[in-house]
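Shown next, in structure tokens, is the structure this report addresses.
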Amino acid sequence: MADKIVILTGAGLSAESGLGTFRDEGGLWAQHKIEDVATPEGFQRNPDLVHAFYNARRKQAAEATPNAAHVALANLQEQHKGEVVIVTQNVDGLHEAAGGRAIHMHGVLDGALCAACGHRWPAPAEMATGQICPACSAPTARPDIVWFGEIPYHMEQIADHLQDCDLFVSIGTSGQVYPAAGFVQESRMFGASTLEINLERTDTSGVFDRHIVGPATQTVPAWVS
Ligand code: BV8
């Protein structure tokens, strides 16, 4: 197994924990238009709808348990002699629930953010329009989620990891959302070998050196062992 590994995870990793993916049949985006629930404009237009969307997902995530793939990745972080960095697009907190640690580039469902002063605090189970920020008292609480058109978190830290990893692994992501979808190319530029683990081939499969196809709860433990 390579020395330093960077692993990008997406919604497919949590699918077998019962959490919906975005672009699969009947996925989250089939039920809602992206621009209505995952953009700052959508939040401005209809904050009640966006809070309802994230309240439902926060409740579902709180009731979900990590699956064998999350546990296998946490074990890899524990046991691998080199460094294992997980960068996740997921906001469900299941990497931590499995005992792992991840860089959350798209935010977290259990976080609240003040749109006025930038203060962050643990989100209540139900967020609502006009909720007061505990730091500046403005009625500007929003989910601490990175929406389309917003800059993902920790991008400099992620770029550093991509530059010095030996192996880049993408697990359970369709590779359609940037900048995450570009990480494979970035790591290749610095000499990393690349592996895609996914239920099926994706639009970016051609860029990867290797592929393992199948459900994450089978493919990830097998790859880690
Ligand atoms: C940015 C919020 C600039 C969190 C999300 C035009 C206008 C504005 C922007 C753009 C534009 N054109 C392009 C852009 C950039 C845009 C973008 O990429 N758009 C796409 C649609 C073209 N990106 C942005 O706006 C980003 N910001 O670019 O800022 C910038 C950037 C860098 C530096 C400076 C400035 C912000 C992107 C973040 C948006 N927020 N969601 C939430 O609600 O959860 S994105 C959303 O998609 C989720 O975060 C999700 O994680 C992410 C990716 O989806 P996937 O995880 O891949 O899920 P998906 O359903 O697609 O695929 C699941 C896969 O799993 C499938 O392949 C399936 O086969 C597989 N699978 C299923 N079951 C299993 C499985 N695999 C294994 N086992 C199973 N059992």
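The values are calculated or read from the model by the stated rules, or taken from the named source; none is laboratory data. Keep in mind it's a predicted model, so treat the numbers as computed, not measured. Here Cβ is always computed from backbone atoms with ideal geometry, including for glycine, and neighbour counts include all displayed protein chains. These area figures cover heavy atoms from the full protein model, side chains too; ligands, DNA and RNA do not enter into them. Shrake-Rupley method; radii C 1.70, N 1.55, O 1.52, S 1.80 Å.
Based on C-alpha pairs under 8 angstrom that are at least 6 apart in sequence, the stretch 18-138 has a relative contact order of 19 percent. Fraction of C-alpha pairs exceeding 23 angstrom in the chain: 47 percent, rounded to a whole number. Cysteine residues of the chain whose C-beta has no other cysteine C-beta under 4.7 angstrom: Cys165. With R₀ set to 35 Å, the beta-carbon distance separating Ala159 from Ala30 gives a calculated FRET efficiency near 0.60. Spin-label model, Ala2 to Asp209: label points 7 Å out along the Cα-to-beta-carbon direction sit 0.6 nm apart.
Across all directions, the average flat footprint of the convex hull enclosing the Cα atoms of the stretch 1-92 is 7.0 nm². Loop-located trypsin sites (Lys or Arg not before Pro) in the stretch 41-87 (DSSP state not H, G, I, E or B) with no more than 16 neighbouring Cβ atoms inside 10 Å: Lys81. Eigen-decomposition of the gyration tensor built on the alpha-carbon atoms of the stretch 174-225 gives equivalent ellipsoid semi-axes of 20, 13, 9 angstrom, largest listed first.
In this label model, Glu126 and Glu83 are separated by 4.4 nm, measuring between points 7 Å along each Cα→Cβ vector.
Heavy-atom surface analysis with a 1.4 Å probe gives the chain a carbon and sulfur content of 52 percent of its accessible area. Among Thr194, Thr129, the order of accessible area from largest down is Thr129, Thr194, computed with a 1.4 Å probe on protein heavy atoms. Of all DSSP-defined beta bridges confined to the chain, some 25% are antiparallel rather than parallel.
Sorted largest first by accessible area at a 1.4 angstrom probe radius, with every protein chain in place, the residues Phe168, Phe22, Phe43, Phe148 fall in the order Phe148, Phe22, Phe43, Phe168. Share of antiparallel DSSP beta bridges in the stretch 1-123, in percent to the nearest 5? So the antiparallel bridges in the stretch 1-123 amount to around 30 percent. For Lys59 and Tyr178, a Förster radius of 25 Å and the Cβ-Cβ distance give a FRET efficiency of 0.30, rounded to the nearest 0.05.
In the chain, the DSSP-assigned H stretches of four residues or longer account for a calculated mean residue ellipticity at 222 nm of -8500 deg cm²/dmol, using -39500 (n - 2.57) per stretch and the full residue count as denominator.
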